[in-house]
Amino acid sequence: MLQNHSSATEFYLLGFPGSEELHHVLFAVFFFFYLVTLMGNTVIIVIVCVDKHLHSPMYFFLGHLSVLEILITTIIVPVMLWGLLLPGMQTMSLTACVAQLFLYLAVGTTEFALLGVMAVDRYVAVCNPLRYNVIMNNRTCNFVVIASWVFGFLFQIWPVHATFQLTYCKSNVVNNFFCDRGQLLKLSCNNTLFTEFILFLMAVFVLFGSLIPTIVSYTYIISTILKIPSASGQRKAFSTCASHFTCVVIGYGSCLFLYVKPKQTQAAEYNRVVSLMVSVVTPFLNPFIFTLRNDKVLEGLRDGMKHCSQLSGTSLLARHFTW
């Protein structure tokens, strides 16, 4: 417990409750999730860069989405894994806490902006296919991706600054596995109602600002698909949007529960579960969502594996004849 009128210079992450044996089990599970997330998203990035058939706006955005998924899970999971191996609470300096919270929120904001862009891209592809290449040209795609990254990082400067301008005199024990803003506000001895209200409005702006174009785009997409006379044509049109739509439902569903509430200092257990969804489960699922439901990505993956096997076979033959 800190003395009154003094502020924390370091924080202790409480992590997960339970025995040491449970922590070892959780470590194994989350480490597996993390490895699969890294490998799955890296494979998508490599395929999108290498396969010429995937050099289109949809897969250009998908590649950036995979980069964001790798970043958001890497910001949180390694610290969480280290905490599961340590006895007791994990110490984190004020600087490290600021950096982790800022990067986590900035990358998350960028991802939501990109999901909104991807929804508009799918709208153009389905509703204006003849003008798709003209509207979604290289210049437009590069601009909206750069704008998404810049917006995400600039938008979160004030919220993080405001969070750490508070005085933390109640305690420096954060009841979560990372520097969670809701739990940090709970530790402050300042009146945080105004700050929480502003943070709530900003969260609403980010989430609904990207969700509204998504809803509008899918309204037009569904209307257009229903007008297609053949069932096979409808399935083909919807298949181009199914992966993105699934990703939107999971991503927005988790973050709406976590951030869009006037009261940011909600129960720790609630925060912990939803934070796991955002930082561990969603990045883990996305590679499967975008590969198992996408014929072009699967084809690119098969071609890549075939090419690798041919190269390894050629190498073995060369060694054999050299011998």
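What's the local net charge at Gln100, with K and R +1, D and E -1, over the other residues with C-beta under 12 Å away? Write out the running numbers ahead of the final one.
Values: positive: Arg181; negative: Asp180.
Residues close to Gln100 contribute a combined charge of 0.
Using a 7 Å offset from the Cα along the Cα-to-Cβ direction at both Leu81 and Leu226, what is the distance between the two label points in nm, to one decimal?
Once both label points are built, they end up 4.7 nm from each other.
In whole Å and largest first, what semi-axes does the C-alpha gyration tensor of segment 1-110 yield when each eigenvalue is scaled by 5 and square-rooted? Could you put the intermediate results ahead of the total?
Working: eigenvalues 243, 76, 11 Å².
Ellipsoid semi-axes (Å, largest first): 35, 20, 8.
Need one number: nm distance between label points at Thr140 and Val29, each 7 Å from Cα along Cα→Cβ, rounded to one decimal.
4.5
For Val174, list long-range residues whose amide hydrogen, built 1.01 Å from N in the peptide plane, is under 5 Å from its own amide hydrogen.
Tyr12, Leu13, Leu14
Multiplying the sequence separation of His161 and Asn133 by 0.36 nm and subtracting their Cα-Cα distance, what value in nm do you get?
On the way: separation 28, 0.36 × 28 = 10.08 nm, distance 4.15 nm.
So the extension gain works out to 5.9 nm.
Among residues other than Ile228 whose Cβ falls under 11 Å from its Cβ, what is the net charge (Lys/Arg +1, Asp/Glu -1)?
Numbers: positive: Lys227, Arg235, Lys236; negative: none.
Cβ neighbours under 11 Å give a net charge of +3.
What does the charge add up to near Phe27, with Lys and Arg as +1, Asp and Glu as -1, over the other residues with Cβ less than 11 Å from its Cβ? Working shown, then result.
On the way: positive: none; negative: Glu20, Glu21.
Net charge in that neighbourhood comes out at -2.
Keeping all protein chains in the complex and leaving out DNA, RNA and ligands, what accessible area do you get for Leu26 with a 1.4 Å probe, in Å² to the nearest 10?
Approximately 40 Å² for this residue.
Quick one: accessible area per residue over segment 1-143, 1.4 Å probe, rounded to a whole number of Å²? Working shown, then result.
Numbers: 7170 Å² over 143 residues.
Using a 1.4 Å probe on heavy atoms only, each residue of segment 1-143 averages 50 Å².
The values are calculated or read from the model by the stated rules, or taken from the named source; none is laboratory data. Just so it is clear, the model here is predicted, and its values are computed rather than measured. A quick note on method: Cβ atoms are made from the backbone with ideal geometry, for glycine too, and the neighbour counts reach across all protein chains shown. We work out accessible area using only protein heavy atoms, side chains counted, and drop any ligands, DNA or RNA first. Shrake-Rupley method; radii C 1.70, N 1.55, O 1.52, S 1.80 Å.
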